[in-house]
Every structure is written in structure tokens, then in C-alpha cells.
1. Pairs please, first residue from the range 3-24 and under 12 Å from residue 56 (Cα atoms), second anywhere and among the aromatic types (Phe, Trp, Tyr) and surrounded by 24 or more Cβ atoms within 10 Å (Cβ to Cβ), Cβ atoms under 8 Å, 6+ apart in sequence or on different chains.
2. Quick one: which residue in 100, 155 is in a helix (DSSP H, G or I) and among the hydroxyl-bearing types (Ser, Thr, Tyr)?
3. Can you find a residue in the range 171-186 that is over 18 Å from residue 72 (Cβ atoms), more than 11 Å from the ligand (Cβ to nearest atom), at pLDDT 95 or above and assigned to a helix (DSSP H, G or I)?
4. What are the pairs, 6+ residues apart or on separate chains, where a residue within the range 95-109 that is surrounded by 10 or more Cβ atoms within 10 Å (Cβ to Cβ) has its Cβ under 7 Å from a residue that is part of a loop (DSSP other than H, G, I, E, B)?
5. Determine, yes or no, whether residue 200 is within 16 Å of the ligand (Cβ to nearest atom), within 16 Å of the chain's Cα centre (by Cα) and free of Cβ contacts under 8 Å to residues at least 24 places away in the same chain.
6. Being small (Gly, Ala, Ser) and more than 12 Å from the ligand (Cβ to nearest atom) is the filter; apply it to the range 1-24 and report the residue that is surrounded by the most Cβ atoms within 10 Å (Cβ to Cβ).
7. Of the conditions (1) in a helix (DSSP H, G or I); (2) within 12 Å of the ligand (Cβ to nearest atom), residue 167 fails just one. Which one is it?
8. Please specify each residue of the range 25-44 satisfying the condition of being away from the ligand (no atom under 13 Å from the Cβ) and assigned to a helix (DSSP H, G or I).
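The values are calculated or read from the model by the stated rules, or taken from the named source; none is laboratory data. This one's a predicted model, so the numbers in the text were calculated from it and none came from an experiment. Ideal geometry is used to build each Cβ from the backbone, glycine not excepted, and the neighbour counts take in all protein chains shown.
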Amino acid sequence: MESNLNKVALITGGSRGIGASIVRRLAEDGITVAFTYANSSNSSEELVNEIQNSGGRAYAIQANAENVNTTKEAVGKTIEKFGRINILINNAGIFESKMYDEFTMEEFDRMVAVNVRSVFEGVQAAAPHMSEGDRIITIGSVNANVTGFPGLSLYAMSKAAVAGMTRGLARDLASKGITVNNIQPGPVDTDMNPVDGSNAKLLKEFIALGRYGKATEIADLVAFLSSEQSGYITGASIDINGGFMI
Ligand code: NDP
């Protein structure tokens, strides 16, 4: 595997929350970072400036994952800009909670498009350009395995789907020496799930450590799985949830 200074990562949904922490963490490790966003052009520009001012290389790409082929195009733009792609982090995601009979089919399709199809699209586009030691990591969720209250049918479905997809892709890409893993966070304090939000009190009761995770803690695990040291881990769904039990 080559040194970090020659590595290029694409992080989907890097403008805020967990994705922005991953962008910062990989940049700190000397990795060149491209990232996508749907709407947050100002915070994306600020993040690019922040990394460039610290001596790193960064590039923000507007790419709404609801639309077919946008994630594929983002991979293409990353390669066009930096000449290669070594690490793909599938982080962009949406959360919607409703009773099963309240969801519309449009909402079903949107959940699948952003949380599942765009992951597959990114892998299809990136993997042919990757080689031995390169990495694919998806941000799944504790809800792939555990749902503590009603309303999570579609979100849980989408995160179980990426866990299964990870196992399949790990087999498909093993012969190229590319590892594929899925990180399953519990509650993490972001806009999606603020620590002072309406569900927070209930969620904290499920967590052995009694607190929400920090986006930087998820980014630290991503950094390890992106590194050479993680070479014998593939097809895994790894929990990082402070001991989330129901
Ligand atoms: P946030 O809502 O805080 O941030 C979401 C990020 O994804 C933003 O950068 C956003 O871009 C981007 N995004 C959203 N929709 C799209 C889209 N259609 N196309 C492209 N980018 C999009 O979420 P988190 O940081 O909390 O979540 C990140 C990942 O972690 C998700 O996959 C989520 O399911 C997962 N997760 C989160 C947990 C939590 O408790 N927070 C727990 C377990 C898993 P923009 O700023 O432009 O809107």
C-alpha cells in the first residue's frame, strides 16, 4: 500500500455531521479528500478552505444521491481532479421515521435511492479504478440489527441492506485486494440525531455508556479501517455504539 500522501478518498455527504468529521480526520492523516453534498454549498466551501489552509487537498462536489448516476459522476469528478481514487466512504444518508402505513412509495424510493442505491453506484464506479490495499467503507447503523421503538421500518431496512451488500461486495472485490466494510454507529450527535432532540432521553437509556457518540469517534474508526493496519478485516459490520442494548 502506498503512503497516505498519495491516497485519494471520496466521502459522500461530507458537508456536515459524521461525514465532515471523516473528511477532517482523513485529511489530518495526509489523505487527499473529495466529498459530496446535496445542498450545503456554504459549509462545504468553508470545509474545503479549512483543509487547504492546513496544507491539505480538498474538493467539494454537489451531488444529490436521490438522482441516479450522481454518485457515479462524483467518482468520475474525483478521478478527473486528483487522478485516482483509493478510498470510498459511503456516508451520505437520510433518516425518516413514520408508522409503516404512513410512508408513501415516493418516500420508500427516496430511502432506497440515497441509503442503498447510491452506495452500490459509488462502488460500481470506483472499484474498477482501485487496486490492492484500497478500501470501501459504508456508514450503516445500529438499526440494521436493533429497533427500539416504532417508525423505523424503512430506515432499518436500508441499513440492513448495506450490511448484506457489504458481505457480497467483500467477496466480489477480494481478488483485487480491496476490503469492504460497514460501520454501524449507535446514536451520534449530529443534525440528524441531536443530543437534545426528542428521542435523546429514550435512546440514552439503551446505551451502556449513557451518552451519545461523537462524530469524531466514528471518524477515528473510519481512519483505522482506511489504513494499512486493517488489511485482514473485510465483509464486516462493526458496531460502534457505546454498548447499545435493548
Ligand atoms: P446529517 O444529517 O447530520 O448529515 C448528512 C450528510 O449527508 C450531509 O452532508 C448531507 O448533505 C448529506 N446528504 C443527505 N442527503 C443527501 C443526498 N440526497 N445526496 C447527497 N448527500 C446527502 O447525518 P449524520 O452525519 O448523522 O449521518 C451520516 C451517516 O451516518 C448516515 O448514513 C446516517 O444514516 C448514519 N448514522 C447516523 C447516526 C446518528 O445518530 N447521527 C447513527 C447511525 C448511523 P447536505 O449538508 O448538503 O444536506
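1. 23/35
2. Working: 100 fails: in a helix (DSSP H, G or I).
Result: 155 is the single residue among 100, 155 that is in a helix (DSSP H, G or I) and among the hydroxyl-bearing types (Ser, Thr, Tyr).
3. If we filter the range 171-186 for residues that are over 18 Å from residue 72 (Cβ atoms), which is where we start, we get 171, 174-177, 179, 181-186.
So of that shortlist, the ones also more than 11 Å from the ligand (Cβ to nearest atom) come out as 171, 174-177, 179, 181.
Checking the rest, the ones that are also at pLDDT 95 or above come to 171, 174-177, 179, 181.
Filter once more, so that each one left must be assigned to a helix (DSSP H, G or I): 171, 174.
Scanning the range 171-186 turns up at least one residue that is over 18 Å from residue 72 (Cβ atoms), more than 11 Å from the ligand (Cβ to nearest atom), at pLDDT 95 or above and assigned to a helix (DSSP H, G or I).
4. Here the result reads 95/192; 97/151; 97/152; 98/151; 107/96, each pair linking the range 95-109 to a residue that is part of a loop (DSSP other than H, G, I, E, B).
5. Working: within 16 Å of the ligand (Cβ to nearest atom): yes; within 16 Å of the chain's Cα centre (by Cα): no; free of Cβ contacts under 8 Å to residues at least 24 places away in the same chain: yes.
Answer is no for this residue.
6. So in the range 1-24, the residues small (Gly, Ala, Ser) come out as 3, 9, 13-15, 17, 19-21.
Among the residues that remain, those that are also more than 12 Å from the ligand (Cβ to nearest atom) are: 3, 9.
Numbers: 3: 9, 9: 28.
That would be 9.
7. Exception for residue 167: condition (2).
8. 25, 26, 27, 28
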